[in-house]
Amino acid sequence: MPNSVLEVIVPHAEGRVVMVDSGQQIRITNLNGQQIADTWVFCRDDVGEYHSAEHTRVQVSSLLPRVGQDFVTNNRRSILRFDSDSCHGAHDMLIAACDPTRYELLGAAPGHRSCQENLRDAMAIAGHPRVDVPQPINLFMNTPVLPDGTVQWLTPAAQPGDSVTFTCLLDVYLVVSACPQDMVSIQAPGAILITVGV
Ligand SMILES: [Zn+2]
């Protein structure tokens, strides 16, 4: 079967959903190097099954994503394989997606966009308006855990054009939100490119 390439731009502060089949590879590119990309993966045949960070941490004995690992679902099935990473490992799998309450607490004006609402809007477009909001894979988010257990809030280590690639191991919806966070100094606004079928 021919493998056509699909490219989708995720503008800063917005979210997008793409369908990816089992066996297809995807690349997520950080166009300015400083934009965090909250990423979720849901099974297409049952969106109640999705990538689960807490189950993945058990599976791989690591707090943070690493090349070569599988990400697993809340049913402990492999859903995604981490194939390559041109920025060598500064990603997060611990910090919750930003949401309207987070921005309210930070003093933002009402209606501030959030990754949580970007996820819900994207999945509503896919026909699933009431999905759970799991812990995202926060690509390019540079928040290492120190030996005393505290989390450092650093800016992304990525350079413009840095990318990560994954192979999907199930038929999925992949959602990426180019995080709107502008109340905490951990990123600079840019766009994210999703490429399916690389
Ligand atoms: Zn966010």
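Spin-label pair Asp171-Ser22: with each label point 7 Å from Cα along the Cα-Cβ axis, the two points sit 0.9 nm from one another.
Semi-axis lengths, largest first, of the ellipsoid equivalent to the chain are 23, 19, 18 Å, with √(5λ) applied to each eigenvalue of the Cα gyration tensor. Starting from the 7 Å offset along Cα-to-Cβ, what nm value, one decimal, do you get for the label separation of Glu104 and Asp70? With each label point 7 Å from Cα toward Cβ, the separation is 4.1 nm.
Tell me the relative contact order for the chain as a rounded percent, counting alpha carbon contacts under 8 Å between residues six or more apart.
Numbers: 512 pairs, mean separation 91.7, N = 198.
Value for the chain: 46 percent.
If you run the Gaussian network model on the chain, springs between alpha carbon atoms under 10 Å, then out of Met19, Met141, Met183 the most flexible one is Met183.
Between Val198 and Arg77, what is the FRET efficiency for a Förster distance of 30 Å, r being their Cβ-Cβ separation, to the nearest 0.05?
Values: r = 23 Å, r/R0 = 0.78.
FRET efficiency, Val198 to Arg77: 0.80.
Ranking Val58, Ala158, Gln34 by how far each Cα lies toward the positive end of the dipole of the chain (charges on Cβ) leaves Val58 at the top.
Bear in mind that the values in this text are calculations on the coordinates, not laboratory data. Since this is a predicted model, take the numbers as computed values, not measurements. Heads up, the Cβs are rebuilt from the backbone with ideal geometry, glycines too, and the neighbour counts pull from every protein chain shown.
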